[in-house]
Amino acid sequence: VHVVESGGGLVQPGGSLRLSCNTSGITFSRYAMSWYRQAPGKERELVASITSSENTNYADSVKGRFTISRDNAKSTAYLQMNSLKPEDTAVYYCNAHWLRAFWGQGTHIIVSS
């Protein structure tokens, strides 16, 4: 099983990024997909999730700015991040969960001017 995040980088405050989470080795359509993040010195927190039936859930801190989506044909989940703030700086991890969970290695996002 492979879970691979991409799309991170350095962005100015107010900017946008789109993260991708490509998976292989799982029946993607059965899995709930989530994005977590971990800022320096803080615990990992749930950012957004999308179920197999495409119900979504967001942390209060990102509601209205981030959008999670999935493309079952590509076995890929996405996180569109708009109006980024310095406090969004973190390592972002993708999680695939159905009966068991699989994690990616993470992608770094730095929001700074």
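The values are calculated or read from the model by the stated rules, or taken from the named source; none is laboratory data. Keep in mind that this is a model prediction, so the values were computed, not measured. Cβ placement follows ideal geometry from the backbone for every residue including glycine, while neighbour counts extend to all protein chains displayed. For the accessible areas, the whole protein counts, side chains as well, though only heavy atoms, and no ligand, DNA or RNA atoms are used. Shrake-Rupley method; radii C 1.70, N 1.55, O 1.52, S 1.80 Å.
Out of all the residues in region 55-70, which are assigned to a strand (DSSP E or B), of a type outside the set (G, A, S) and surrounded by fewer than 20 Cβ atoms within 10 Å (Cβ to Cβ)? Please lay out each step first, then the result.
Filtering region 55-70 for residues assigned to a strand (DSSP E or B) gives 56-58, 66-70.
Still in the list and also of a type outside the set (G, A, S): 56-58, 66-68, 70.
Those that are assigned to a strand (DSSP E or B), of a type outside the set (G, A, S) and surrounded by fewer than 20 Cβ atoms within 10 Å (Cβ to Cβ): T56, N57, Y58, T67.
Given the residues S49, S61, S75, S53, which is the only one that is of a type in the set (S, T, N, Q) and over 24 Å from G25 (Cβ atoms)?
Values: S49 fails: over 24 Å from G25 (Cβ atoms); S75 fails: over 24 Å from G25 (Cβ atoms); S53 fails: over 24 Å from G25 (Cβ atoms).
That would be S61, the only listed residue that is of a type in the set (S, T, N, Q) and over 24 Å from G25 (Cβ atoms).
Please name all residue pairs, on different chains or six or more residues apart, with Cβ atoms under 6 Å, provided the first residue is in region 62-90 and is modelled with pLDDT under 95 and the second residue is open to solvent by 10 Å² or more (accessible area, probe 1.4 Å). Nothing qualifies.
Can you tell me which residues in region 42-61 are in contact with a Phe, Trp or Tyr (Cβ under 6 Å, 6 or more places away or on another chain) and either touching a residue at least 24 places away in the same chain (Cβ under 8 Å) or over 21 Å from G106 (Cβ atoms) (or both)?
Going through region 42-61, the residues in contact with a Phe, Trp or Tyr (Cβ under 6 Å, 6 or more places away or on another chain) turn out to be 44, 46-48.
Matches in region 42-61: R44, V47, A48.
Hey, could you check region 85-113 for residues that are hydrophobic (A, V, I, L, M, F, W, C) and open to solvent by 60 Å² or more (accessible area, probe 1.4 Å) and say which is nearest to W35 (Cα to Cα)? So the residue we want is W103. In region 93-110, the residues that are closer than 20 Å to P40 by Cβ reach residues that are surrounded by 17 or more Cβ atoms within 10 Å (Cβ to Cβ) and aliphatic (A, V, I, L, M) with C-beta atoms within less than 6 angstrom, at least six apart or across chains, in these pairs: C94/V3; G104/V3; G106/V91; H108/V91.
Is it the case that some residue within region 71-84 is open to solvent by 50 Å² or more (accessible area, probe 1.4 Å), out of contact with any Ser or Thr (no Cβ under 7 Å at 6 or more places or on another chain) and of a type in the set (S, T, N, Q)? Yes, region 71-84 contains at least one residue that is open to solvent by 50 Å² or more (accessible area, probe 1.4 Å), out of contact with any Ser or Thr (no Cβ under 7 Å at 6 or more places or on another chain) and of a type in the set (S, T, N, Q).
Looking across region 1-54, the residues that are open to solvent by less than 60 Å² (accessible area, probe 1.4 Å) and aliphatic (A, V, I, L, M) come down to V3, V11, L17, L19, I26, A32, M33, A39, V47, A48, I50.
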